[in-house]
Amino acid sequence: MKPMAILTLAASVLFAGLSIAQAETIRLCTGSETGNYYAAGKKIREMAGSSVTVEIVATQGTIDNMRRTLDLPKSDEASCDAFIGQPDGPAYRAATNRGSVATLRPVTTLHREYLHGLCNKESGVDDIGDLESNPAKYSIAIGQEGSGAWLIWQNFIREDEDYKEVPTTPEDGILALTAVSTGQTTCMLVPAGLGNGTVGEADQTFGDTIALVGANDKDFDDATDISGKALYEYAKIPGAAYPKSFNYWNDVKTISWMATVYLNTEKVSRADQAAFAMAASRAAPAIKASFGK
């Protein structure tokens, strides 16, 4: 083969390789297509533009996101390279297997989320922390295993084993609301940003039987994230966010956290990590404006 032909062939191979590298897509796990995480993912994709290709993946939430991002190989069509989730997800996983989150990099924080407690008014429960005082009397709905509420409850138990004695149910949404309203279940947990649909429905429809309460057990102060920083902070849910029944004179104090974007550094090249981190950081202000700072 002539030298010029060899050079032409080599250049073709090189350009083909570059084209393949540029075509690499970052799959971003979010949550339900109707939820805030999915909407936030779309804003990140929009901000990424042509700097990096971002594909939004609807999932079942933080636990599912970690499984897809950390446990599945990149070749698996169900896998993800990054995800949006509650910071107590990686903390829960690290508590049992620290090495399993070694490749997980927090990229940026997004909107603020709150733990909304919804309790039957006749139960006398004014705070989720009251439940441990009489587990034979009280119960709580925490959703299906792997849900955000379930995840928070596991971290509560890790910080104070008394919560383990409180009976739980796997209900959520309208079924949990009706159970709390009729007294079948004492309370339910809804971890979410402001304006959540389930809490909004409770405010609009069940205000005569359900109260919005916080979670303020001081044991929660001990929980830390994968960086060793405080996992939760205390913040007030503005009453104006749920104006019909929950618009109290005093806002409801509860634990709070920032939804966070994470990236598996083993699945994404350094160049694409930088491009994705920039896109997520630039999208954060708009996401906070939509779902709460």
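The values are calculated or read from the model by the stated rules, or taken from the named source; none is laboratory data. The structure presented is a predicted model; accordingly, all values stated were derived computationally and were not measured. Virtual Cβ from ideal backbone geometry, glycine too; neighbours counted across all protein chains shown.
Looking at ILE287, ILE255, can you tell me which residue is out of contact with any Asp or Glu (no Cβ under 6 Å at 6 or more places or on another chain) and part of a helix (DSSP H, G or I)? Among ILE287, ILE255, only ILE287 is out of contact with any Asp or Glu (no Cβ under 6 Å at 6 or more places or on another chain) and part of a helix (DSSP H, G or I).
Taking the condition closer than 29 Å to HIS111 by Cβ, in the same structural domain as ALA240 (by TED's automatic domain parsing) and either touching a Lys or Arg at 6+ places or on another chain (Cβ under 8 Å) or in a strand (DSSP E or B) (or both), does ALA176 pass? No: the conditions fail for ALA176.
Could you list, in sequence order, all residues of region 58-67 that are surrounded by fewer than 21 Cβ atoms within 10 Å (Cβ to Cβ) and free of Cβ contacts under 8 Å to residues at least 60 places away in the same chain? Across region 58-67, the qualifying residues are ALA58, ARG67. Exactly one residue out of ALA277, ALA241 is touching a residue at least 24 places away in the same chain (Cβ under 8 Å) and in the same structural domain as SER79 (by TED's automatic domain parsing): that is ALA277. Counting the residues of region 182-233 that are in contact with a helix residue (DSSP H, G or I) (Cβ under 7 Å, 6 or more places away or on another chain) and in a loop (DSSP other than H, G, I, E, B) gives 16. Inside region 199-238, can you point out the residues that are in contact (Cβ under 8 Å) with a residue 40 or more places away in the chain and either in contact with a His (Cβ under 8 Å, 6 or more places away or on another chain) or among the polar types (S, T, N, Q) (or both)? Of everything in region 199-238, those that are in contact (Cβ under 8 Å) with a residue 40 or more places away in the chain and either in contact with a His (Cβ under 8 Å, 6 or more places away or on another chain) or among the polar types (S, T, N, Q) (or both) turn out to be VAL199, GLN204, THR209, LEU212, ASN216, THR224, SER227, ILE237. Just one of (1) touching a Gly at 6+ places or on another chain (Cβ under 8 Å); (2) at pLDDT 95 or above fails for GLY148. It is (2).
The set of residues from region 148-192 being over 21 Å from the mean Cα position of the chain (by Cα) and at positive phi comprises just one member, GLY183. The set of residues in region 48-81 that are in contact with a helix residue (DSSP H, G or I) (Cβ under 7 Å, 6 or more places away or on another chain) and not in a loop (DSSP other than H, G, I, E, B) comprises ALA48, VAL54, ILE56, THR62, ILE63, MET66, LEU70. Is there a residue in region 90-98 that is crowded, with 16+ Cβ neighbours inside 10 Å and either assigned by TED's automatic domain parsing to the domain that holds CYS187 or part of a loop (DSSP other than H, G, I, E, B) (or both)? No, because not a single residue in region 90-98 is crowded, with 16+ Cβ neighbours inside 10 Å and either assigned by TED's automatic domain parsing to the domain that holds CYS187 or part of a loop (DSSP other than H, G, I, E, B) (or both).
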